[in-house]
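Asks: Just passing along the structure, written as structure tokens.
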Amino acid sequence: MNPAVGYTAIVAVALASVLIGFYGLRISRTTSDFYVASRTVRPWWNASAIGGEYLSAASFLGIAGLILLTGSGGMWFPIGYTAGYLMLLLFVAAPLRRSGAYTIPDFTEARLESVAVRRVTSVLVVVIGWLYIVPQLQGAALTVRITTGLPSWVGSVAVAALVAIVVASGGMRSITFVQAFQFWLKLAAIAVPVVALLLVTGAVEPALPPAEAFPAADGPGSLDVYRTVSLMVALLLGTLGLPHVLVRFYTNPDGPAARRTTVIVLVLLSVFYAFPTLFGLLGRAFAPDLATPGEADALVLVLPDRLLPGVWGDLLTALVIGGAFAAFLSTSSGLVVSVAGVISQDLLGGSVRGFRIAAFASTAVPLVVAFATEPAGLAGSVGLVFAFTASTLCPVLILGIWWRGLTARGAIAGMATGATLSGAAILGGALLAAAAPAIRPLVEQPAAWTVPIAVLVTVLVSRADRRRMPRGTDAFLARLHLPERDRG
């Protein structure tokens, strides 16, 4: 691979992102601009920005690599990622927008009238954000190493620095412009190469015959029922609790706009995910040598040059590299906005200056973690973050919107239980599986049991504590569920 191609693509995307971000800075003047873009973002624009921040390294690189490794099992990831937005449409989007909150901790404090709940929620938002940023930085390290030959740490540092600068400069309004641009760049960067490669595959001899590239052992009949169900629980419910996604709905003008935004996102994601899936299938036929845990995520970066050497292959590779770098920047930017918003509100007075300080702090911690840990598969790493989110923030959010009986103690107990169980499975899963191989599926995909336990604890503790139900519950729920025009 020509290193000049990598340098050019990365520099071009970085410059474009910074210039667009600085344009947003020119019109970001108030605190509301920095936190929720003054709640004036229209559905198409907001949907593009949501697609930009949601389509992370796991989507752009990880899905193709996972399909290369596991076959049909990897296809559940794009299905779950997209279907999670259907859950958002049905249960969360409009009520959350009507709450009037800036952040998830704002929502839980207002709903449950408890500072303690806010503090627990704030800690979880920060932890989830940091856990999600780490794979983005590791994906950037992989991309820079493969495409330019530079040390891996250069990619992580470059993404962290650019994100911190853009977010601190213009906040949510600035990032909205950047992420909307990056979504369409990512869609073009994954779609154009796939179409081009499909056109030339007829003239290229596959590395493996179809029977070996697509064996029955990797087909739908090989799926593990428990792992599949648990993965879908994590992806469907985890989407509902992702702080960088939820904060986007605060930027819509009203509840109906939030719903329209979600419908558009469903369409955009459905179109996008067809292409990394096709990349993975092409990889099984033409690049089976990459089917190892350390190399599979590089499939999207390597395949264009293999199948179409020369100038056209270089151009396609440059486009893919640009899209990958946009994925790292856009998702990291959304996460830093949500984490910085919480840190600024809770620790630094909620000012613009506090937001900027928090933005730099929010990138420093995951950068250190990315250096200190060994990268795993991108899609698998993000899937575990979804399991943690589904076990912690999701139950409180859903019950807070739809169940009158939720109390502060119930919410805290449920979040603590979900965090403890899913955190133990994620952090100690390898040791537990080695000690007791029979429980390996339970710790590798924990959502199927951690989510129900967290919900059960939340409900039982709330029922036992029902005398402490917030006095303003009925009024708050009315605000969530009554359309703006119907309120008295």
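Asks: Scanning for something outside any loop (DSSP other than H, G, I, E, B), modelled with pLDDT under 85 and open to solvent by 10 Å² or more (accessible area, probe 1.4 Å), does region 356-369 turn up at least one residue?
Replies: Yes, region 356-369 contains a residue that is outside any loop (DSSP other than H, G, I, E, B), modelled with pLDDT under 85 and open to solvent by 10 Å² or more (accessible area, probe 1.4 Å).
Asks: Separate question: Does region 136-156 hold any residues that are over 20 Å from the mean Cα position of the chain (by Cα) and either surrounded by 24 or more Cβ atoms within 10 Å (Cβ to Cβ) or in a helix (DSSP H, G or I) (or both), and which are they?
Replies: Initial filter on region 136-156 (over 20 Å from the mean Cα position of the chain (by Cα)): 144-154.
Listed by number, the residues that qualify are Val144, Arg145, Ile146, Thr147, Thr148, Ser152, Trp153, Val154.
Conditions tested, residue by residue: (1) over 21 Å from Leu480 (Cβ atoms); (2) touching an Asp or Glu at 6+ places or on another chain (Cβ under 9 Å); (3) open to solvent by less than 50 Å² (accessible area, probe 1.4 Å).
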| site | (1), (2), (3) |
| --- | --- |
| Ser391 | yes, no, yes |
| Cys394 | no, no, yes |
| Leu399 | no, no, yes |
| Ala408 | no, yes, yes |
| Gly414 | no, no, yes |
| Ala425 | yes, yes, yes |
| Gly428 | yes, no, yes |
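Asks: Condition first: on the phi > 0 side of the Ramachandran plot and at pLDDT below 85. Can you find one or more residues in region 288-295 that meet it?
Replies: Keep residues of region 288-295 that are on the phi > 0 side of the Ramachandran plot, which gives none.
There is no residue in region 288-295 that is on the phi > 0 side of the Ramachandran plot and at pLDDT below 85.
Asks: Next up: May I ask you to list the residues in region 449-462 that are surrounded by 20 or more Cβ atoms within 10 Å (Cβ to Cβ) and under 24 Å from the mean Cα position of the chain (by Cα)?
Replies: Of everything in region 449-462, those that are surrounded by 20 or more Cβ atoms within 10 Å (Cβ to Cβ) and under 24 Å from the mean Cα position of the chain (by Cα) turn out to be Thr450, Val451, Ala454, Val455.
Asks: Considering every residue within region 418-438, establish whether at least one is touching a Leu at 6+ places or on another chain (Cβ under 7 Å), touching a residue at least 40 places away in the same chain (Cβ under 8 Å) and not in a helix (DSSP H, G or I). It would help to see each step written out before you state the result.
Replies: If we filter region 418-438 for residues that are touching a Leu at 6+ places or on another chain (Cβ under 7 Å), which is where we start, we get 419, 426.
With touching a residue at least 40 places away in the same chain (Cβ under 8 Å) added as a condition, the list becomes 419, 426.
Filter again for not in a helix (DSSP H, G or I), leaving none.
Checked against the condition, which is being touching a Leu at 6+ places or on another chain (Cβ under 7 Å), touching a residue at least 40 places away in the same chain (Cβ under 8 Å) and not in a helix (DSSP H, G or I), region 418-438 yields no hits at all.
Asks: Moving to a separate point now. If you take the residues in region 102-120 that are in a helix (DSSP H, G or I) and touching a Phe, Trp or Tyr at 6+ places or on another chain (Cβ under 8 Å), which one is surrounded by the most Cβ atoms within 10 Å (Cβ to Cβ)?
Replies: Arg111
Asks: Condition test on Val92, is it surrounded by fewer than 21 Cβ atoms within 10 Å (Cβ to Cβ) and either within 21 Å of the chain's Cα centre (by Cα) or within 15 Å of Arg248 (Cβ to Cβ) (or both)?
Replies: Taking the combined requirement at face value, the residue does not satisfy it.
Asks: Can you confirm whether region 282-295 contains a residue that is in contact with a Lys or Arg (Cβ under 8 Å, 6 or more places away or on another chain), open to solvent by 50 Å² or more (accessible area, probe 1.4 Å), part of a helix (DSSP H, G or I) and of a type outside the set (A, V, I, L, M, F, W, C)?
Replies: Within region 282-295, none of the residues are in contact with a Lys or Arg (Cβ under 8 Å, 6 or more places away or on another chain), open to solvent by 50 Å² or more (accessible area, probe 1.4 Å), part of a helix (DSSP H, G or I) and of a type outside the set (A, V, I, L, M, F, W, C).
Asks: Now for a different question. For region 248-268, indicate whether the set of residues that are without any contact (Cβ under 8 Å) to a residue 24 or more places away in the chain and surrounded by 21 or more Cβ atoms within 10 Å (Cβ to Cβ) is non-empty.
Replies: No - not one qualifying residue is present in region 248-268.
Asks: Do any helices (runs of 4 or more DSSP H) entirely within region 1-101 hold 1 or more residues that are farther than 30 Å from Pro395 by Cα and at pLDDT 85 or above, and if so, which?
Replies: Where helices (runs of 4 or more DSSP H) fall fully within region 1-101 and carry at least 1 residues being farther than 30 Å from Pro395 by Cα and at pLDDT 85 or above, they are 3-26, 63-70.
Asks: Restricting the first residue to region 292-312 and requiring it to be over 13 Å from Pro276 (Cα atoms), which pairs with a second residue that is open to solvent by 30 Å² or more (accessible area, probe 1.4 Å) and small (Gly, Ala, Ser) meet a Cβ separation below 8 Å and a spacing of at least six or different chains?
Replies: Filtered contacts from region 292-312: Pro293/Ala376; Pro293/Gly377.
Asks: Can you say whether Arg248 is part of a helix (DSSP H, G or I), out of contact with any Cys (no Cβ under 6 Å at 6 or more places or on another chain), closer than 17 Å to Phe183 by Cβ and basic (Lys, Arg), as far as the supplied structure shows?
Replies: Yes.
Asks: Which condition breaks for Ala211 when tested against (1) more than 20 Å from the chain's Cα centre (by Cα); (2) closer than 30 Å to Trp44 by Cα; (3) at pLDDT below 85?
Replies: Of (1) more than 20 Å from the chain's Cα centre (by Cα); (2) closer than 30 Å to Trp44 by Cα; (3) at pLDDT below 85, only one is false for Ala211: (2).
The values are calculated or read from the model by the stated rules, or taken from the named source; none is laboratory data. Predicted model, so just to flag it, every value in this text is computed and none were measured. Because the Cβ atoms are built from the backbone with ideal geometry, glycine has one as well, and the counts that use them run over all protein chains shown. The accessibility values were calculated without ligands, DNA or RNA, using every heavy atom of the protein model including side chains. Shrake-Rupley method; radii C 1.70, N 1.55, O 1.52, S 1.80 Å.
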